[in-house]
Each structure stands twice: as C-alpha cells, then as structure tokens.
Amino acid sequence: MPAQRLWLLWRVGVFLAALTPLLVWGWQVAVNAAGPEPGRYLLLNIGIGALWMLLLTLSLTPLTKLTRWKGFALIRRQLGLWTLAYATLHMASYALFILGLDWSLLASELVKRPYIIVGTLALIGLAVLGATSNRWAMRRLGKRWKPLHRLSYPILGLVLLHFFWVVRADLSEWVMYAVLAALIMATRLPPVARSLPRLRYRFSRT
Amino acid sequence: MLIKIAKPSDLRESDVTPESIYLSRRRFMGGVAGLGAGLAISGSVRANADYSDVPEGNAPAWLKEKISATEWKAVTPRDPEKDSLTPFDDASGYNNFYEFGSGKTDPARRAGSLKTEPWSVVVDGEVNNGGRFSLEDIARPSQFEERIYRLRCVEAWSMVIPWLGMPLAEVIKRAEPTSKANYVRFETLVDPEQMPGQRSSFSLIDWPYVEGLRMDEAMHPLTLLAMGMYGRELPNQNGAPLRLVVPWKYGFKSIKSIVRISLVEEQPVNSWQLIAPNEYGFYANVNPQVDHPRWSQATERRLPNSLFRPNTMDTLMFNGYADDVAELYAGLDLRTNY
C-alpha cells in the first residue's frame, strides 16, 4: 500500500477512536445503563473526555520531538478539533440536560458562577483556535499563528481551574490530571525541550 | 428544685451490658435461631407487599421482626402523584456517601465491605443516661414508622424515599438530656479498612463525618432515626445500620452509619461547614431563595429523569415541610444562617 494510503488509514483510525467514547456513552444512555440522571452522566463523562483530548493534543509536539514519527504531527489538528467538539458537547449537555434549555437561567448562570465563567472562557478560546486551524487562516496569520495557538496553554490552566472548582470532597482525580498536565507542560520548558531530541538519539543507539 | 425519681424501667450506665457479654449472648441466640426458629421469623415473609420487587436484605431476626411490626405509611406526601416513590434501584444505586468514594455510584459498588453487625452507638455528653447501646437496644422501646419523605440534595437533585425508623426525639428522651443540652452532635464510623474513601490521601473531609442539630430540631417529630427503607433494612450504601433523616434540610445533614450521638452545649461544626463555610452552613435548611454559590437552589431535578425530560420542578421552602417547621426559625435570618 502506498504511504499516502497508510497515513490516511492512521488518521481515520484516530478519528474513529476519538468518536468511540461518545458512541459508548450514548449507547449506555440508550439502554438505560447510565443511572437515574443520564444528562449528568453525559455532562461529566464528556467533560473529562474534553480534558483528555486537550492533554493528548498537547502531548503530540513533545512526542514528535522524542520520536520524530510523522504520525503525531498528522493528527494534531484533528485532536485539537476533537477537543473543541467535546468541550462544545459538554457545554451543550449543561444547557440542555441540566438547565433544560432555560435560556434566561443559562444567561444568569453564565455571569454569576465563577467556575462556569472560567469554563466558558476556555470554550471560547478553543473556538478561536478551531476557527483558525484551517490552511487559509494559517496563511493569513503567518508568523502570528504560532503565538495565537499557544493560547492552548492558558486554556489548559482554565480547564483545570474549572475542574478544581467542581471538586467537592476528594481531590485524588483532579490531582492525577493536574500532574499529567504539569508533566506535559514541563516538556515545553526550554532546557527540557532541548533535551528531548537528544533522548531520542540515545534511545536509537541502544 | 426538680427531684427526679428513677422509674423502675430507667437504665443507669452501670446497667448497660458490656459489649463483650452482649456479643456472646448474640452469638448464642443466633445459634439457637439457626436450629429451627429461623423458619418462623426470618423466612421469606415479606414485610410489606408494596415492595415485592425490592431485593430482600440480610437483616438480623430482631430487625426483621421490628420492621414487620411497622406502622406503615405513617407519614405520606400530600401529593402522591407528584411525589411518587423513587425506584429502589435508583435510591440505593445513586447517592453520596464519601466514606466510599466521591462518585455517585461508588457507594453502591463499594459499601459491601461495611460490617453492620454487630453495631453499637455511644450516647454521651449532657445526658444522665448515656452509655454504649447496641442497635437492638436503641430500637427495642420504639414503634417503627414508615415515613415517605422528599429528599432534596444540596446538589439540586431530589428523590422520594420511604424510610423506616423512629423519631429521634424518643431516643434522646431516653438518654435524659441535662439542662445544658442545647445541640445534638452526630458522628459517622471511622474505619479506613472498611471505608475506602477514608483511605484517600487527597480527601478534603476531616474524618469522622460530623453533623449537628439544634435541640428543637432534633426533638421535632419529623426528625427520624432510620434503620430501614423500602420495607427492608437500610442497604449499606444508604447509611446502614442507623442514619438520620431530616426532611426539611439538605441531604448532607442526614448523617449515615452513626456511631455516636452526643448532646452538647455549644453548636457543633459540621463537616461541610468546615470544608467550605461560604457554601455550607450549620442549618442547611432547604431554601429556594438562597443560592449555593455555584448553582441556583430555586429548582430541583427529580430523579430518575431522562435526557429530554430533566424533571425540573420548583424547590419548596423547607422542602415542602414549612407548615411543620417554619416556626422553629421565626426571627432567624435564613439568608445569613444558611
């Protein structure tokens, strides 16, 4: 099979893998296996899913540096857009299933609750990145594209803050994600970033 | 001066059987029952036909007997149409009990490790008749009642649950509170081996879980000490073997798996107030006009619901029990005393 075809297969495979959790959760709701509050079940699972997508997206650059495998770079835009899709569905679940599409309540909650404000800011940030992820926008933005897309770093911070404010009694799960996020961000510190290719060199020789 | 003459039935602390002797007696009785009497008491006689689809529990014989003598439907909702019973599977499969984890399904999955038999409760503090009592001793003098109450969680969801138990007032009266008893303080079991949530290093709760009531709240006839629900004993995840039910307050006030009831002079600091005093107060009366800082309390989602039928309804003042309890708070600013 020509290489082009293989890369296409890889990208389609990633697409299906990213879609699978949504199908599984949807199926659970459809067969009444999601508990007495299926809306909240979707809200929480999709929210955690969005965080996973963001962490995966942000680990692609360090992984590329570490392995030089082209495949990681090929799915970066796709996973970024999946992050936006999950975050949008998370917000939609809140509006639909928790607030019952009460627009006036939504409007007042959006300005009253700090954790919702922070989550909404993160979603707006993701939407900006999504809208400027196409080739046309990349060409138009030129050198400014990269600094703009570094917005994903503060967005990760906002998402963790949003999550932190929701936690009530036990921080274990949050701490796990915060540590993961810290590790991924640490690979961007200049000294660490410089040493990643060297690490790869050492691995390839042994 | 009040001269108190002890009734023959009054118990002093010295009358309380030491636990070791009590337990050996229990073991002996258990053995006897197993020989044949079990057929008569612990057979498959359903306590109440309404709950024929509720899985039978594993209650000790004395509790089964107690439950079968319950005064059924002693308190029922005014509008049974709107407040129809939540299915047992939902009430027992979806709740908060942080001793077993912070997820809503953690308690049902993990509470099997809780050993509820034998169980004893310490009654102490400002009382003349304190001590350590077995569960059976606490239940014996009282008539069990079935109380169908709305349960409003502070997280804005609600259920309707048929509890079995006795008024807390009866138990407190038996302990003979002194004139200094202004509040009642409750404690949940601490045992990290049985309660995995207590093993977490990142728990924000300082165990034991503590709750408290003002004396008049504790003595109010609606306040229930429950040992069962849905015609059977409490499932572990719902706070077996002994829990509080205060229907006009948010659910977290209704402390589970109680091991200590203390009558005290000063207002106790309850666990949630300790964690987030700006979000959770001592009173925690259901109040649609006072929002939780993170969400509105004006409405609630009655569970089970479905995706496009969130079952949202207006939350009622004092969870609909205002006629019974509003007078307890006359003159109290409920906005600052949330």
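The values are calculated or read from the model by the stated rules, or taken from the named source; none is laboratory data. All values derive from a computational prediction rather than experimental measurement. Don't worry about glycine lacking a Cβ; one is built from the backbone with ideal geometry, like all the others, and counts go over all protein chains shown.
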Practice prompt. Might you let me know whether the stretch B:289-312 holds any residue that is aliphatic (A, V, I, L, M), away from chain A (no Cβ under 14 Å) and more than 14 Å from B:ARG214 (Cβ to Cβ)?
Written response: no
Discussion item. When you scan the stretch B:94-111, do you find a residue that is away from chain A (no Cβ under 14 Å) and either touching a residue at least 12 places away in the same chain (Cβ under 8 Å) or under 18 Å from the mean Cα position of the chain (by Cα) (or both), even just one?
Written reply: yes
Worksheet item: Of these, A:LEU42, A:LEU51, A:LEU66, A:LEU58, which one is at pLDDT below 95, in a helix (DSSP H, G or I) and in contact with a helix residue (DSSP H, G or I) (Cβ under 8 Å, 6 or more places away or on another chain)?
Response: A:LEU66
Discussion item. Out of everything in the stretch A:151-166 that is more than 11 Å from chain B (Cβ to nearest Cβ) and over 20 Å from A:SER133 (Cβ atoms), what residue ends up being surrounded by the fewest Cβ atoms within 10 Å (Cβ to Cβ)?
Written reply: A:GLY157
Response to the item:
Of the conditions (1) at pLDDT 55 or above; (2) farther than 24 Å from B:SER257 by Cα; (3) surrounded by fewer than 14 Cβ atoms within 10 Å (Cβ to Cβ), the single one that B:PRO55 does not satisfy is (2)
Worksheet item: Listed residues B:ARG302, B:ARG309, B:ARG243; which is surrounded by fewer than 18 Cβ atoms within 10 Å (Cβ to Cβ) and either over 21 Å from A:ALA169 (Cβ atoms) or modelled with pLDDT of 95 or more (or both)?
Response: B:ARG309
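When only residues in the stretch A:167-206 that are of a type in the set (Val, Ile, Thr) and surrounded by 13 or more Cβ atoms within 10 Å (Cβ to Cβ) count, which is nearest to the chain's Cα centre (by Cα)?
The first filter runs over the stretch A:167-206 and keeps only residues of a type in the set (Val, Ile, Thr), leaving A:167, A:175, A:179, A:184, A:187, A:192, A:206.
From what's left, surrounded by 13 or more Cβ atoms within 10 Å (Cβ to Cβ): A:167, A:175, A:184, A:187, A:192.
Numbers: A:VAL167: 19, A:VAL175: 17, A:ILE184: 13, A:THR187: 17, A:VAL192: 23 Å.
Among those that are of a type in the set (Val, Ile, Thr) and surrounded by 13 or more Cβ atoms within 10 Å (Cβ to Cβ), it is A:ILE184.
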Worksheet item: Quick one: would you say A:LEU180 is modelled with pLDDT under 95, part of a helix (DSSP H, G or I) and closer than 17 Å to A:SER59 by Cα?
Response: no
Worksheet, complete the sentence: Residues of the stretch B:76-111 being over 22 Å from B:TYR51 (Cα atoms) and either touching a Ser or Thr at 6+ places or on another chain (Cβ under 6 Å) or exposed (fewer than 14 other Cβ atoms within 10 Å of the Cβ) (or both), in sequence order, are B:ARG109
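Would you confirm whether or not the stretch B:124-140 contains a residue that is modelled with pLDDT of 95 or more and over 30 Å from B:LYS180 (Cα atoms)?
No, the conditions are met nowhere in the stretch B:124-140.
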Practice prompt. Hey, can you tell me all the residues within the stretch B:283-337 that are among the hydroxyl-bearing types (Ser, Thr, Tyr) and within 30 Å of B:ASP89 (Cβ to Cβ)?
Written response: B:SER296, B:THR299, B:SER306, B:THR312, B:THR315, B:TYR321
Practice prompt. Look through the stretch A:101-125, keep the residues that are of a type in the set (S, T, N, Q) and surrounded by fewer than 16 Cβ atoms within 10 Å (Cβ to Cβ), and return whichever of them is farthest from A:PRO154 (Cα to Cα).
Written response: A:SER104
Item to complete: Test B:MET219 against the stated conditions and say whether it is buried (at least 22 other Cβ atoms within 10 Å of the Cβ) and touching a residue at least 40 places away in the same chain (Cβ under 8 Å).
Response: no
Fill in: Any strands (runs of 3 or more DSSP E) falling wholly within the stretch B:249-323 and containing at least 1 residues that are within 22 Å of the chain's Cα centre (by Cα)
B:258-264, B:299-302
Discussion item. With in contact with a strand residue (DSSP E or B) (Cβ under 9 Å, 6 or more places away or on another chain) and not small (Gly, Ala, Ser) as the only criterion, which of A:VAL24, A:VAL29 stands out?
Written reply: A:VAL29
